[in-house]
């Protein structure tokens, strides 16, 4: 009886050992299957990513400064049927405010053999992309005249591998001087901010000088292409007796609207820029193209090219909407009263 009980106990132990062993082996098999499945899933995701078309996005600034523009671009891309990470990949290259870096960044995108290049945010970006390739399709977004700058040969028939979107921001730079004169009618002199690194600075300065002659005012031309030059520029306006500061159209200025607005407030300088971000940040006025529309249209064009259309068959789009923003709080702090007609024509009045 004792021996039988001992044998029975041994058998029970053996059965338990067998059950535990089987459980461990089962866990190992399931772990292997899970690991293999995960590896396979990762490989398949990687393979899918490799088969997606790739947009090379070239910008003159940082991704943070482009945030609102990128939102508009992605909306246009989605309207064309493409969503980043789902059926298209985007490779970003940022100039971080240094125009001299753009040619090398454009060449890098070409070396990565992207499907299409989006050169958004100014003429300097478009020209860098154009110089980098004659075969990869390019969609540009800029404020100047792409024909005058040599980006394309014609708006209706761009030819080659480029097409894109152009707004009126550069053309209306002279209107900024007129608007500032409207609110400072007694001023005999105004200051003009020019970025000498911009390919459109020469044409804009000429237009502003012509407008100054018509208005009968003098111009002080101030140059700035770095942030370190901003404060001395505002100091010069304040101490030089100018009626206000007119910024030419340039992405470098537009993307630094909060900094410029803070300086305008600190030095009590009436100023007008191209970007609505300036009065929204506390500056006096802005007048320029609707960047939301132009960047959205660049997304639409990128999507159409991904679907097989050729840049040479897509006419350059002109965004003709121009918006005027006025900040009344800034005006009150500066002792400025806006004419009723100017207030009535504003797209937005910030109280």
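For every residue, the table says whether it meets (1) without any contact (Cβ under 8 Å) to a residue 24 or more places away in the chain; (2) touching a helix residue (DSSP H, G or I) at 6+ places or on another chain (Cβ under 7 Å).
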| site | (1), (2) |
| --- | --- |
| 176 | no, no |
| 190 | no, yes |
| 194 | no, yes |
| 203 | no, no |
| 206 | yes, no |
| 212 | no, yes |
| 230 | no, yes |
| 236 | no, no |
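Taking the stated definitions as given, is residue 270 surrounded by 19 or more Cβ atoms within 10 Å (Cβ to Cβ) and within 30 Å of residue 185 (Cβ to Cβ)?
yes
So which residues in the range 124-145 are out of contact with any helix residue (DSSP H, G or I) (no Cβ under 6 Å at 6 or more places or on another chain) and at pLDDT below 95?
143, 145
Do we find a residue being in a helix (DSSP H, G or I) and not assigned by TED's automatic domain parsing to the domain that holds residue 76 anywhere in the range 296-317?
The answer is no, given that none of the residues of the range 296-317 is in a helix (DSSP H, G or I) and not assigned by TED's automatic domain parsing to the domain that holds residue 76.
So which residues in the range 171-198 are closer than 21 Å to residue 100 by Cα and buried (at least 20 other Cβ atoms within 10 Å of the Cβ)?
193, 194, 195, 198
When the range 124-153 is examined, which residues are found to be on the phi < 0 side of the Ramachandran plot and without any contact (Cβ under 8 Å) to a residue 24 or more places away in the chain?
147, 153
Looking at the range 60-90 only, could you name the residues that are touching a strand residue (DSSP E or B) at 6+ places or on another chain (Cβ under 6 Å) and closer than 19 Å to residue 162 by Cα?
Within the range 60-90, 90 is the sole residue that qualifies.
Being part of a strand (DSSP E or B) and either within 27 Å of residue 342 (Cα to Cα) or out of contact with any strand residue (DSSP E or B) (no Cβ under 8 Å at 6 or more places or on another chain) (or both) is true for just one of 282, 288. Which residue is that?
From the options 282, 288, the qualifying one is 288.
Inside the range 337-351, can you point out the residues that are in a strand (DSSP E or B) and surrounded by fewer than 14 Cβ atoms within 10 Å (Cβ to Cβ)?
348
The values are calculated or read from the model by the stated rules, or taken from the named source; none is laboratory data. The model shown is predicted, which means the values in this text are computed figures rather than measured ones. All Cβ positions, even for glycine, are placed from backbone atoms using ideal geometry, and neighbour counts span all protein chains on display.
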